Amino acid sequence: MQLDFFPSRSLTLYLAKMFIVRILAVLIMLVLVLMALDLLGSTGKILEPDGNGQAEIIRYAGLRIPQLVSRFLPYSVLLATLITLVTLNQNSEVVAMKAAGLSAHQVLAPLLLTAGIVALFSFAFNERVVTRANSTLKAWEAVDYGPIPQETGVRSNVYLTDGDDILMATTLTGSGDNIRLTNVTWYERAAGGITRRQVTATGASYAAPGWVLENPVSFDVGSAETESLETLVVGENLTPEQIDLQSIDPDGQSFWELYETIQSYEAAGRRTSEMRANWWHRISGPLSALLMPLLGSIAAFGLARSGQLFVRAVIGMALGFAYFVVDNAALAMGSFGGYPPFLAAWAPFLLFLLVGETVLIRTEE
């Protein structure tokens, strides 16, 4: 029996069913509470544009819920692990399984299997649903919850530089020579970063070279005069290829799309540390669900009547939340080049995998 990872089919199904039910219950509870709190702060902004109503609020909720599910699914696995293992310990079911000859790893095997399935679901969900929700919601927020352009590939909050000058746009649609910018601001600056003139426009399109501003209004900083212009071409050194590279939103791209973007950046000699760390974390992030049964296993073993069950559960929760803190810190360090991208994404996972195994082996002894 010690060599069989799943010694009992009935026991495996029993523990897996118990675990997945608790994961779903905790996840639904967290998402509902957080969504309600989010709507309390966002509803006013959503209803500001004329014509917005209940449908827009429901649309916002539909875009935010995938983000909340993706973010809090690992936390749900951690809390569900603690609830499941504490319940099994209190009912002496862990003692019965140990008395039947099961090792600590065999007791946790059904939970690890379930966590692995959750990790696969999380990866697929992030790729197919969350990335699209991210790009759509950012584009909607960029236009202050007004009408979103119908074109595909909408990007928001575009920031481009042409020497000392700056070109900003609320949204970008299309690609190549068909790129279109909306709500454009052009900052014409002198050496040293001092703005000499600011031009606002409703939109801009490629003029080969430069970008033609639509309905431009110029404000001269020196004379404090405002002037409406018929036409104006700016950013003659900005090509569509440069704009395509500078306006990428990694959160709105799938795993393979982000990989192709990284290759394009590297071919252009651009820095890719942040994107690389994000790309690796697309794999290590969902796999964090596998760590939760290991980190929470301290709550499963030890006699419930010893009076230390609550302390064990708190320790398991502390280990789980410590992983999320270290993971976020490492990812931030990798984003600005403090850590190599691979190390930033995988070091916390491997570190806490060793910690969890150490706790489990010590418990076994």
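The values are calculated or read from the model by the stated rules, or taken from the named source; none is laboratory data. Predicted model only: the values in this text are computed from it and were never measured. Cβ sites come from the backbone with ideal geometry, for glycine too, and all protein chains shown count toward neighbours.
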Some residue of segment 309-329 being modelled with pLDDT of 90 or more and either surrounded by 18 or more Cβ atoms within 10 Å (Cβ to Cβ) or not in a helix (DSSP H, G or I) (or both): yes
Unique residue being surrounded by fewer than 17 Cβ atoms within 10 Å (Cβ to Cβ) and of a type in the set (A, V, I, L, M) when the list is Val143, Val95: Val95
Some residue of segment 293-306 being crowded, with 21+ Cβ neighbours inside 10 Å, among the charged types (D, E, K, R) and either in a helix (DSSP H, G or I) or in the same structural domain as Val359 (by TED's automatic domain parsing) (or both): no
Qualifying residue in segment 334-348 (condition: modelled with pLDDT under 90 and touching a Lys or Arg at 6+ places or on another chain (Cβ under 6 Å)): yes
Residue selected from segment 171-205 under the condition at pLDDT 80 or above, among the β-branched types (Val, Ile, Thr) and under 30 Å from the mean Cα position of the chain (by Cα), by the criterion farthest from Ser218 (Cα to Cα): Thr182
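Does segment 40-53 include one or more residues that are crowded, with 16+ Cβ neighbours inside 10 Å, in contact (Cβ under 8 Å) with a residue 60 or more places away in the chain and not in a helix (DSSP H, G or I)?
Of all residues in segment 40-53, those crowded, with 16+ Cβ neighbours inside 10 Å come to 42, 46, 52.
Subsequent filtering for residues that are in contact (Cβ under 8 Å) with a residue 60 or more places away in the chain retains 46, 52.
With not in a helix (DSSP H, G or I) added as a condition, the list becomes 52.
Yes, the conditions are met somewhere in segment 40-53.
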Any pair with Cβ under 8 angstrom, 6 or more apart, that starts in segment 124-138 at a residue that is more than 11 Å from Ser254 (Cα to Cα) and in contact (Cβ under 8 Å) with a residue 24 or more places away in the chain and ends at one that is part of a helix (DSSP H, G or I) and of a type in the set (Ser, Thr, Tyr): Leu137/Tyr60
Matching entry among Ile23, Ile57 (being in a helix (DSSP H, G or I), assigned by TED's automatic domain parsing to the domain that holds Ala99, in contact (Cβ under 8 Å) with a residue 40 or more places away in the chain and not basic (Lys, Arg)): Ile23
Filtered residues of segment 14-53 (kept if over 20 Å from the mean Cα position of the chain (by Cα) and charged (D, E, K, R)): Lys17, Arg22, Lys45, Glu48, Asp50
